[in-house]
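Heads up: the structure comes next, in structure tokens.
The values are calculated or read from the model by the stated rules, or taken from the named source; none is laboratory data. No experiment lies behind these values; they were computed from the predicted model shown. Ideal geometry is used to build each Cβ from the backbone, glycine not excepted, and the neighbour counts take in all protein chains shown. Only protein heavy atoms, including side chains, enter the accessible area calculation; ligands, DNA and RNA are left aside. Shrake-Rupley method; radii C 1.70, N 1.55, O 1.52, S 1.80 Å.
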Amino acid sequence: MPAKSRFTRLDAFTKTVEDARVRTTSGGIVTIVSLLVVFYLVWGEWSEYRRIVVHPELIVDKGRGEKMEIHLNVSFPRIPCELLTLDVMDVSGDQQTGVMHGISKVRLAPQSEGGQAIDVKALDLHSEDDIATHLDPEYCGECYGAPSPPAARKKDCCNTCEEVREAYASKSWAFGRGDNVEQCEREHYSERLDSQRKEGCRIEGGLRVNKVVGNFHIAPGRSFSNGNIHVHDLNNFYESPVEGGHTFTHQVHHLRFGPQLPEEVTKNLGSKALPWTNHHINPLDETHQETDDPAYNYMYFVKVVSTSYLPLGWQSKGGQREIPHELVPIGGHGHGRDGSVETHQYSVTSHKRSLIGGSDAGEGHKERLHMRGGIPGVFFSYDISPMKVINREERTKTLTGFLTGVCAVIGGTLTVAAAIDRGVYEGTQRVKKLHQR
């Protein structure tokens, strides 16, 4: 038997001769409509294939020895920059007092004058201009019973007001306004302090800490350690000539742990009904607290959750995260060259109390009693979650799924169109037969 005959028996697509085919107007209309439907549905399949969605995953965070950046922008309209100190501590034993790296103190005009920024560079009252270069090179200032600070420009001497303050802090002595201290009187320390009394301050910038449980706080006066106790020199804060004193009324303009997610990334998170914004990641943004009590304490308890964003085509190796953190500038930590982002989300609860103690009836909680004592200021205590969220970009369909969908669209549409055409044709024929009778 010829080979052609074998395949002829297997033909599932039998044909009719041209003379047996009937073409109708209704069939032409159904064909045009079916082609339009096919094009529309195939375009929908293509759009679905090109669409990128973000699939969240929850895993155990197995990272060890990592660093984390904290970026903050907080305004204090009723306390000058000279009285504010930023301290960072963690459970690993690292205590960074007087943090300045990556942090700026912006002097703000009094609220009655608008509160605008008047100076960004004046991080403290003492600059290179304070050094008494006109004094005798052999001059050795007295430290007034305290040991000379390790960073003194001249060993066993305190030649500037700042060095005397550091010497006092090492002995846990209150310094005050520097009255009767030769170095401070020469530099007009008290006069310059009084000139800033009515000003406000904004602390902004970033700092890098160990990714372990810890806290950072903004409190008045120079900070120092007395044994295992962290204390602040509060004399200048409480002994204020300003009516009503200084208070820790503040506004948290921005607080985040890690880099900010780009806007195009946040658009892929959430849904149209519930769009995702960076406020979901940084819930403390634009938080405002106000008080007229100088002895007042604010505490924010933050639960930090590590979050990764992995774009389409992400590679597990490469990127800036393999570079030692010492070589990465503040603000660059967490960004990969492949577009991936290592950041953190957080949830927060807050607590505030007067350091005088007593009941919390003013806040509607008569049953709550506050302890007496403490340091006035704003404290952020953060804890690290053992879980990690991975937001991974993926296509909704594979190429195989797209081709399968196209075949289903074409086959299904033509099958339905053929059934409709057949029904219309049969109906037309029956109507004609009825009219002929």
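If the condition is being crowded, with 21+ Cβ neighbours inside 10 Å and touching a Leu at 6+ places or on another chain (Cβ under 7 Å), then the range 70-85 contributes ILE70, LEU72, PHE76, GLU82.
State whether one or more residues within the range 235-244 are out of contact with any Gly (no Cβ under 8 Å at 6 or more places or on another chain) and closer than 14 Å to GLU82 by Cα. The answer is yes, given that some residue of the range 235-244 is out of contact with any Gly (no Cβ under 8 Å at 6 or more places or on another chain) and closer than 14 Å to GLU82 by Cα.
Per the listing ARG222, ARG192, ARG208, the residue uniquely open to solvent by 10 Å² or more (accessible area, probe 1.4 Å) and touching a Leu at 6+ places or on another chain (Cβ under 6 Å) is ARG192.
So that you can scan it fast, the table gives a plain yes or no per residue for (1) over 30 Å from TYR300 (Cα atoms); (2) at pLDDT below 90; (3) under 20 Å from the mean Cα position of the chain (by Cα):
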site	(1), (2), (3)
ARG392	yes, yes, yes
THR400	yes, no, no
VAL406	yes, no, no
VAL409	yes, no, no
LEU414	yes, yes, no
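Of the listed requirements (1) open to solvent by 40 Å² or more (accessible area, probe 1.4 Å); (2) among the β-branched types (Val, Ile, Thr); (3) at pLDDT 80 or above, VAL38 misses just one: (1).
Taking residues in the range 393-416 that are within 17 Å of GLY27 (Cα to Cα), and partners anywhere that are open to solvent by 50 Å² or more (accessible area, probe 1.4 Å) and modelled with pLDDT of 90 or more, the pairs with Cβ atoms closer than 7 Å and at least 6 places apart or on different chains are THR413/VAL37; THR413/LEU41. Considering GLY44, GLY63, the condition of being at pLDDT below 85 and out of contact with any Pro (no Cβ under 6 Å at 6 or more places or on another chain) is satisfied by GLY63 alone.
Filtered by the rule that a residue be on the phi > 0 side of the Ramachandran plot and at pLDDT 80 or above, the range 230-248 gives a lone residue, GLY245.
Annotation: of all residues in the range 120-154 being charged (D, E, K, R) and in a loop (DSSP other than H, G, I, E, B), the one that is modelled with the lowest pLDDT is ASP124. Scanning the range 389-419 for residues that are within 27 Å of PRO56 (Cα to Cα), part of a helix (DSSP H, G or I) and open to solvent by less than 60 Å² (accessible area, probe 1.4 Å) yields GLY401, PHE402, GLY405.
The residues on offer are VAL252, VAL164, and the sole one that is out of contact with any strand residue (DSSP E or B) (no Cβ under 7 Å at 6 or more places or on another chain), open to solvent by less than 20 Å² (accessible area, probe 1.4 Å) and either closer than 30 Å to THR287 by Cα or of a type in the set (Val, Ile, Thr) (or both) is VAL164.
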